[in-house]
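J.: This is the structure I have questions about; it appears just below.
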Amino acid sequence: MQTAPITFKRRDPSLPKGRQISDQDLQDISKLLADMPRRTDMVIEALHVIQDSRGHISATAIAALAELFRLAQAEVFEVASFYHHFDIVREGEAIPAPVTIRVSTCVSCELAGAYALIDQLRAAVDADRVRIIASPCIGQCDGAPAAMIGKRIFRHATVQSLLAASDADNNQALLPDYQDMPAYLASGGYRVLAQVLDGEIEADAAVASMSDAGLRGLGGAGFPAGRKWGFVRAYPGPRLMTINGDEGEPGTFKDRELLERAPHRMLEGAQIAARVVGCERIYIYIRDEYPTARAILRREITALEASALDIVPMEIRRGAGAYICGEESAMIESIEGKRGLPRHKPPFIAEVGLFGRPTLNHNIETVAWIPDILQHGPQWFADQGWVEGHNGPRSFSVSGRIKNPGVKLAPAGIPLIRLIEDFCGGMAEGHEFKAFFPGGASGGIFPAHMADRAMDFGTWEKEGGFIGSHAVVILSQEDSVRDAALNTMRFFQHESCGQCSPCRNGTDKMVRLLEANVQSEALYQDLLTVMGDSSICGLGQAAGNCVKHLMKHFPAEFAHD
Amino acid sequence: MTDLAADLSGIKFTLDGEQVQAFAGETIWQVAKRQGTLIPHLCWRDAPGYRADGNCRVCMVEIEGERVLAASCIRTPSEGMVVNTANARVQKNRELVFELLACDMPARETSPNPQSHFWLQYDLLGQQEQPRFPSGRPGAGKQIPVDSAFHDASHPSIAVNLDDCIACGLCERACREVQVNDVIGMASRGMGAGPVFDVKDPMGLSSCVACGECVQACPTGALTEKTLLDVTATRREVYADAVKPSICPFCGVGCQTEVSLKGNHILKVDGRQGPANRGKLCVKGRFGMDYVMSPERLTTPLIRRNDAPKSRDANMQFADISSVFREASWEEAIAFAAGGMNTVRDTFGGQALAGFGSAKGTNEEAYLFQKYIRQGFKTNNVDHCTRLCHASSVAALMEGVGSGAVSAPFTAADDSDCILIIGCRPEQNHPVAATYLKQAAKRGAKLMVFDPRKQEMMRHASHSVIFNPGRDVPMINAMIHTIIEEEIYDLQYVQSNTVGFEALAEKVRDFSPEAMAEICGVEAQYLRELARTFAQSERAIIFWGMGVSQHVHGTDNVRTLIALSLITGHIGRPGTGIHPLRGQNNVQGSSDAGLIPMVYPNYKPVEDPAVRKRYEEAWDCSLDPHNGLTVVEIMHAMEAGEIRALYVQGENPAMSDPDQNHARKALASLDHLVVQDIFLTETAWFADVILPASAQPEKPGTYTNSNRQIQLGMPVRKPPGSARQDWHILMDMAKASGLDWGYTEIGQVYTEMASFMPCFDNISWERLMRETVVCYPATTVDGPGEEILFYDGFPTADGRAKLVPTDLVPPHELPDDDFPMVLTTGRLLEHWHTGAMTRRATHLNAQESVPVVSMHPRDIGEQGFSRGQQVTVETRRGAISLTLRADRDVTPGMLFIPFCFVEAPANFLTSPQLDPFGKIPEFKFSAARIKKANAETTI
């Protein structure tokens, strides 16, 4: 009976087990972190500090961080390795090049030549100095192809523009002109908050206004805001509030635009919601791809705190490159300093949310409408829908083969074709409308002849899709729906958190089947079944929509080699 | 049935068409199991301590009205819910999840474990086709290539084959939540998601402590014992032909085990659901059992050759045994062994004899051993190594609360709000007990860790106190001072349950935190905070180990802890108590059974005429009316020529006793030394006759763990060669010494012993055979034993506990210019006691194979050493050479040496100075110096 030998690479007897660190390592990291609280929920912020200052995170730094935070090395490593924006360098591994160019490869950017741009860049740069990364959507789809270097954004990026910038200092975001605190106050801002604080607007009335206005969650789920407030208020405090600014759904950029133009609309809305629902603290989670919005918010929150208004304390938390953190419970895990794994429901976060407390979570745009609704009344808001049954204005992120891509403020329920014709200047020159994503990567893909339907919650569900975050991507006769579907599946494969097997393995198998051009519909249908029925969260449940529609609406392309 | 119905929460729902009810908190999976439906499951482990995670999605069920399926392992039913566990939709999803997982896994027949939980669950779905989906893993669908990036054979005991991993995270929960070792994390994302060790390190180089909980939990073959795999460590090679229940032979925790055997060969060990371990094991229990199969096992009796004189410098590490000993028949060996004892008795009298029993043997062996010495030689010179561990604890406990055992089990930490541990490193020495303390800390209980060295437990602690070595008394007295001064003691408890409070209060008046701060190296304000936190907790419990007991003021140390517990009323309730963590598997039992020179079984004084009379009548002989000598006193008496014969059963004084130069000289000077053991121990080097005995898994009997739980162990394998069970050897020795015992079954020994021990009332041999574990004392013949003692009063004459004031006694030997460092000794996780077993356990020795002295890296740098070099550590008693280890846990100014290495026995350095009450030596404090090793330095 010969069994596996027990001889092994003997560990060094002159040291205890595991990675050892020195007093110096501890001092170095401690100095970098300065006065940051050594709390588990700050681990991701601490990792950002190290990544920002050193360009990578060494295994030793992880060990030192773990000791300072009284965590195990594995506890820090598993978090660091979950987020794509942390470059972990273990002993003996190469340190990444000092400059990193992230080129967005979402469908809109791919249509605009992102992959060609990547190839050209790789050919043009010195790999020791510049690293090119094909990145998931960075929320600049109306400026495709788009890229990032450090905290700078490059729209309509070219090899020349990126190379020219790669020598510069990109560590500070460039701030655009936006409505700052004085400007917002001058336009009548924070008067509604003052009324709420004075008791002039009572909490119950505010909740009723949200319901009467028909304000729905604009992060994608469309849950009625008034009802949500009612739920969270009903649970015993202390309660918390989170603002979901992890706008990662490919094709979506409306929240970024809102934050970069009028950040105080969101801040006032959040303050009102927190007051009405009785939340003691507001955590604003902003994706790492939005350095500009983050810098603006930091400035404006400081300004707001300095004002005479009685403010609910606010904290910004920085994402680190993980689409899944747009799922509200995954975001909450991330704010707690953990991997962004969606939680099982029930319990819902309204009952057991951030740090185990009842939590009110809202999308950026959703709260931004709150002051307007309270100021002008719910009917004013509801009346702005396209027809009866569709309430309010909506921000559509429109990109792809249209003449004027961008954020379009249009009535809820507008038929897509009218959105294209009346708000986007029609199709781009030489392009014929062929297909569209109504709601980013997960909402499915439909043929042009279905563009006469209402762009609102409730329409696309009947067709096995959804409008989600209202991210519309338009394809033309030049484009392959199959390629778009594969792009989307690769995105989900890349972004699956890996927690549950149907999504983790299903997205991987779907990509492999498409890549191998397997034609057996039964295989795809089986994957759709198990992903749709058995995944923990919406990512896995919806990830296959585009493939489902490829087979249903574009059979020729599905069969095409 | 009515009882069950009363416990139901009243949630009624429909399960597969039947109306059922759920207990509060019960999941759908658990209700289904109760109803007889076992829903397939992978990431859910149906065992205590494991949290459902709901990630594998195999146990999905359909809940009417819900859009998607739900994981039954994590979902609790609600009123009126309609659940289908096996309709077509559910079945389809379940099959697809299995298929999705299987298509990335190696082919079953060549996988690390074709009989894994995964495959057995998959079998339940019926015949399956080959998985249809493409995979990107190197091992998918075939045998795992050894160069697979997912293959890691770096650990001596565990093979990692992540090609077979389904990322269910059970290993992470095992490591983080069940054992709280925090080595495994679930890293990365998507298909890359999976377990890592530390920072994705090779397992063998990580901080893994090899408790093996992950292996036991893994539902596939991704983590497998190497002993089951082929030479590539990727494919299952070996299968057991029997699985038998057993008990771990190492520390005092008393883990129940399940031993897999192929013939007489132990293949692997799993944790069994015992009250002390709840399925858990540590590295020693799981991977340390191959010592019993060591080629070094003694298989035949040996008698010293006439031409092989004894020498204090004997060293048989690499010697040819046959040049010193010759083989003998059992008849000759017993006649020689007992004859030698008889001759000394007949020539010099019984006081010239002594016996060292063992804390590793069974209760029955301990009872028989002390009976043999007392009855056969009319002497009370019988002791064992508890003298070297917790004699001071027992002395203080007997004096203070009238009982030498723990007042509460370590599992009482479950109910505790504040856990104080001092002078112990349970993660190394009682790893499974440590899990309960760490879990309590994670749940939010205060954890106070007092240790002169840093330790990993401090990461979980609310209060970490690194204090000056040997300064326990001033530190605890300063806390008592604070509690009395600030009047936060439990006045009512003190008044109704204790005596001596005024004297204590008077004594500690001089011990203000402000006055003691510098002496003990802890700030006064912090001492006050510690005192307040402990006193004001609802339920607080104290654990201690050898760091408290092994001092010249060891008994005083324990007295202060008892006083702290008593004045705060933190005793006699759930979650409170005092618990000396016992070092050996049966140290509690062998003390209970009377392996102590001052007492008969159940701590009855030998100098009490009434007690003695009872034994004289029962044993039909006259007995020694005076206390016998203790271990270290016996060694001195041997050196002085007063003791001429010694019978050692399963102990190793040549390694464990302090000041080895003298101890070994004493052993070498004996006229007659009988050693009964399973190995040629260092003590056996000095023997006249060696009797080959049985290892723990080879013999029947009972063991009493640290929690007072009596556990039955039955043999699972045969001893090698002509080695015999110890109680048979003892009976033959007794017979040859003229005693007529006549036991035919081990149970008769237990019954006779229990007849002298009221604490064993209601615990008959038949009951032990039936229940296999009972906690003593038990008040009824079928009810559970009392885990928490002193609910109402103490087993003392007046029913009250005694508060004993203590003085400031410094360590015996303070550092000075010649010997500027403080040397402390102890154990390593992998090595148990003197290493007789664990150094011969190949997996354990693979991890810690080199004698080391640990020193803080700052000291190493400042004193011009470099780690890894050979150094000599010297005290006034001797010098040894070993490898220098840099360890930030060791406080600057200190040295730590484990005493398990025969190549560099730490006890050549330690001091034989004794605590006056417990007669325990000061192992934990010696003045020492360190220098570069000379080539000629030898022991």
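The values are calculated or read from the model by the stated rules, or taken from the named source; none is laboratory data. Only a predicted model underlies this, so the values are computations on that prediction, with no experimental measurement involved. With ideal geometry, Cβ positions are generated from the backbone for all residues, glycine too; neighbour counts draw on all protein chains shown. Keep in mind that these areas ignore ligands, DNA and RNA; they rest on the heavy atoms of the full protein, side chains included. Shrake-Rupley method; radii C 1.70, N 1.55, O 1.52, S 1.80 Å.
J.: Given the conditions (1) at the interface with chain B (Cβ under 7 Å from one of its Cβ atoms); (2) out of contact with any strand residue (DSSP E or B) (no Cβ under 9 Å at 6 or more places or on another chain); (3) among the polar types (S, T, N, Q), report the number of the one that residue A:40 does not fulfil.
T.: Here residue A:40 meets the rest and fails (1).
J.: What number of residues in segment B:800-828 are small (Gly, Ala, Ser) and within 30 Å of residue B:495 (Cβ to Cβ)?
T.: 1
J.: Restricting to segment B:852-873, and then to whatever is in contact (Cβ under 8 Å) with a residue 40 or more places away in the chain and open to solvent by less than 20 Å² (accessible area, probe 1.4 Å), can you tell me which residue is farthest from residue B:929 (Cα to Cα)?
T.: Start the filter on segment B:852-873 by keeping residues that are in contact (Cβ under 8 Å) with a residue 40 or more places away in the chain, which leaves B:852-855, B:863, B:865, B:869-873.
In the following step, the residues that additionally are open to solvent by less than 20 Å² (accessible area, probe 1.4 Å) were identified as B:852-855, B:871-873.
Working: B:852: 15, B:853: 12, B:854: 13, B:855: 12, B:871: 10, B:872: 8, B:873: 6 Å.
My answer is B:852.
J.: Can you tell me how many residues in segment B:710-722 are farther than 18 Å from residue B:588 by Cα and open to solvent by 10 Å² or more (accessible area, probe 1.4 Å)?
T.: Within segment B:710-722, the subset farther than 18 Å from residue B:588 by Cα is B:714-722.
Okay, now just the ones that are also open to solvent by 10 Å² or more (accessible area, probe 1.4 Å), so B:714-715, B:717-722.
Qualifying residue count, segment B:710-722: 8.
J.: Now a separate question. Just one of (1) under 26 Å from residue B:906 (Cα atoms); (2) open to solvent by 10 Å² or more (accessible area, probe 1.4 Å) trips up residue B:696, so point out which.
T.: (1)
J.: In segment B:669-707, which residues are assigned to a helix (DSSP H, G or I) and aliphatic (A, V, I, L, M)?
T.: Hit for segment B:669-707 is B:684, nothing else.
J.: Hey, another quick one. Would segment A:172-185 turn up any residue that is of a type in the set (Gly, Ala, Ser), under 30 Å from the mean Cα position of the chain (by Cα) and buried (at least 18 other Cβ atoms within 10 Å of the Cβ)?
T.: Yes: segment A:172-185 contains one or more residues that are of a type in the set (Gly, Ala, Ser), under 30 Å from the mean Cα position of the chain (by Cα) and buried (at least 18 other Cβ atoms within 10 Å of the Cβ).
J.: Take residue B:152 and tell me if it is charged (D, E, K, R), open to solvent by 10 Å² or more (accessible area, probe 1.4 Å) and away from chain A (no Cβ under 13 Å).
T.: Values: charged (D, E, K, R): yes; open to solvent by 10 Å² or more (accessible area, probe 1.4 Å): yes; away from chain A (no Cβ under 13 Å): no.
Considered against the rule, which asks whether it is charged (D, E, K, R), open to solvent by 10 Å² or more (accessible area, probe 1.4 Å) and away from chain A (no Cβ under 13 Å), residue B:152 comes out as no.
J.: May I ask you to verify whether residue B:216 is part of a loop (DSSP other than H, G, I, E, B) and in contact with a strand residue (DSSP E or B) (Cβ under 8 Å, 6 or more places away or on another chain)?
T.: no
J.: Could you check segment B:73-113 and list, in sequence order, the residues that are in contact with a strand residue (DSSP E or B) (Cβ under 9 Å, 6 or more places away or on another chain), more than 11 Å from chain A (Cβ to nearest Cβ) and under 30 Å from residue B:151 (Cβ atoms)?
T.: Scanning segment B:73-113 gives B:106, B:110, B:111, B:113.
J.: Further question on the same structure: Go through segment B:555-602 and count every residue that is of a type in the set (A, V, I, L, M, F, W, C) and open to solvent by 10 Å² or more (accessible area, probe 1.4 Å). First the steps, then the outcome.
T.: Narrowing segment B:555-602 to residues of a type in the set (A, V, I, L, M, F, W, C): B:558, B:561-564, B:566-567, B:571, B:578, B:581, B:587, B:593, B:595-596, B:598-599.
Now restrict to residues that are open to solvent by 10 Å² or more (accessible area, probe 1.4 Å): B:596, B:598-599.
Total satisfying the criteria: 3.
Residues checked against (1) open to solvent by less than 20 Å² (accessible area, probe 1.4 Å); (2) more than 14 Å from chain A (Cβ to nearest Cβ); (3) closer than 18 Å to residue B:695 by Cα:
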| site | (1), (2), (3) |
| --- | --- |
| B:194 | yes, no, no |
| B:228 | yes, no, no |
| B:244 | no, yes, yes |
| B:250 | yes, yes, yes |
| B:255 | yes, yes, yes |
| B:261 | yes, no, yes |
| B:274 | yes, yes, no |
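J.: Out of (1) crowded, with 22+ Cβ neighbours inside 10 Å; (2) under 15 Å from the mean Cα position of the chain (by Cα), the odd one out for residue A:321 is which?
T.: In the conditions (1) crowded, with 22+ Cβ neighbours inside 10 Å; (2) under 15 Å from the mean Cα position of the chain (by Cα), residue A:321 misses (1) alone.
J.: I would also like to ask the following. Taking residue A:80, is it assigned to a helix (DSSP H, G or I) and within 12 Å of chain B (Cβ to nearest Cβ)? Full working, then the answer.
T.: Values: assigned to a helix (DSSP H, G or I): yes; within 12 Å of chain B (Cβ to nearest Cβ): yes.
Answer is yes for this residue.
J.: Now for a separate question. Can you pull out every residue in segment B:196-221 that is more than 9 Å from chain A (Cβ to nearest Cβ) and of a type in the set (Ser, Thr, Tyr)?
T.: B:220
J.: Quick check: is even one residue across segment B:403-413 in contact with a Pro (Cβ under 6 Å, 6 or more places away or on another chain), open to solvent by 10 Å² or more (accessible area, probe 1.4 Å) and among the polar types (S, T, N, Q)?
T.: Yes, because at least one residue in segment B:403-413 is in contact with a Pro (Cβ under 6 Å, 6 or more places away or on another chain), open to solvent by 10 Å² or more (accessible area, probe 1.4 Å) and among the polar types (S, T, N, Q).
J.: Would you pick out the residues in segment B:603-623 that are open to solvent by 10 Å² or more (accessible area, probe 1.4 Å) and not in a helix (DSSP H, G or I)?
T.: Scanning segment B:603-623 gives B:604, B:605, B:607, B:608, B:620, B:621, B:622.
J.: Give me the residue from segment B:37-70 that is farther than 22 Å from residue B:219 by Cβ and not in a strand (DSSP E or B) and, out of that set, least open to solvent (accessible area, probe 1.4 Å).
T.: It comes out as B:68.
J.: Right, next: Restricting segment A:502-537 to residues that are polar (S, T, N, Q) and in contact with a Phe, Trp or Tyr (Cβ under 9 Å, 6 or more places away or on another chain), which is modelled with the lowest pLDDT?
T.: A:519
J.: Okay, next question. Which members of segment B:563-594 meet the condition of being closer than 25 Å to residue B:913 by Cα and touching a strand residue (DSSP E or B) at 6+ places or on another chain (Cβ under 6 Å)? Outline the logic, then answer.
T.: Keep residues of segment B:563-594 that are closer than 25 Å to residue B:913 by Cα, which gives B:580-584, B:587-588, B:590-591, B:594.
Residues satisfying the conditions are B:580, B:581, B:588, B:594.
J.: Further, regarding this structure: Which of the residues spanning segment A:151-179 are closer than 15 Å to residue A:294 by Cα, part of a loop (DSSP other than H, G, I, E, B) and among the hydrophobic types (A, V, I, L, M, F, W, C)?
T.: Answer for segment A:151-179, where residues must be closer than 15 Å to residue A:294 by Cα, part of a loop (DSSP other than H, G, I, E, B) and among the hydrophobic types (A, V, I, L, M, F, W, C): A:173, A:174, A:175.
J.: In addition: When you scan segment B:720-734, how many residues do you find that are under 20 Å from residue B:376 (Cα atoms) and touching a residue at least 60 places away in the same chain (Cβ under 8 Å)?
T.: So in segment B:720-734, the residues under 20 Å from residue B:376 (Cα atoms) come out as B:726-734.
Next cut, touching a residue at least 60 places away in the same chain (Cβ under 8 Å) only: B:726-727, B:729-734.
Of the residues in segment B:720-734, 8 are under 20 Å from residue B:376 (Cα atoms) and touching a residue at least 60 places away in the same chain (Cβ under 8 Å).
J.: A further question on this structure: Residue B:573 - would you say it is over 28 Å from residue B:284 (Cα atoms) and in a helix (DSSP H, G or I)?
T.: no
J.: Report whether or not residue B:531 is more than 33 Å from the chain's Cα centre (by Cα) and either surrounded by 18 or more Cβ atoms within 10 Å (Cβ to Cβ) or modelled with pLDDT of 95 or more (or both).
T.: Numbers: more than 33 Å from the chain's Cα centre (by Cα): no; either surrounded by 18 or more Cβ atoms within 10 Å (Cβ to Cβ) or modelled with pLDDT of 95 or more (or both): yes.
It is false that residue B:531 is more than 33 Å from the chain's Cα centre (by Cα) and either surrounded by 18 or more Cβ atoms within 10 Å (Cβ to Cβ) or modelled with pLDDT of 95 or more (or both).
J.: Right, another one. Just for strands (runs of 3 or more DSSP E) wholly inside segment B:295-387: which have at least 3 residues that are in contact with a helix residue (DSSP H, G or I) (Cβ under 7 Å, 6 or more places away or on another chain) and surrounded by 21 or more Cβ atoms within 10 Å (Cβ to Cβ)?
T.: B:353-356
J.: Can you tell me which residues in segment A:212-240 are open to solvent by 20 Å² or more (accessible area, probe 1.4 Å) and touching a Lys or Arg at 6+ places or on another chain (Cβ under 7 Å)?
T.: A:223, A:224, A:238, A:239
J.: Which ones in segment B:71-116 are of a type in the set (S, T, N, Q) and part of a loop (DSSP other than H, G, I, E, B)?
T.: The first filter runs over segment B:71-116 and keeps only residues of a type in the set (S, T, N, Q), leaving B:72, B:76, B:78, B:84-85, B:87, B:91, B:93, B:110-111, B:113, B:115-116.
B:72, B:76, B:78, B:85, B:87, B:111, B:113, B:115, B:116, listed by residue number.
J.: Now a separate question. Could you check segment A:222-246 and list, in sequence order, the residues that are assigned to a loop (DSSP other than H, G, I, E, B) and touching a residue at least 40 places away in the same chain (Cβ under 8 Å)?
T.: Scanning segment A:222-246 gives A:222, A:235, A:236, A:237, A:238, A:246.
J.: A follow-up question, please. Any idea how many residues of segment A:454-501 are within 22 Å of residue A:407 (Cα to Cα) and either within 13 Å of chain B (Cβ to nearest Cβ) or not polar (S, T, N, Q) (or both)?
T.: Residues that pass the stated criteria total 17.
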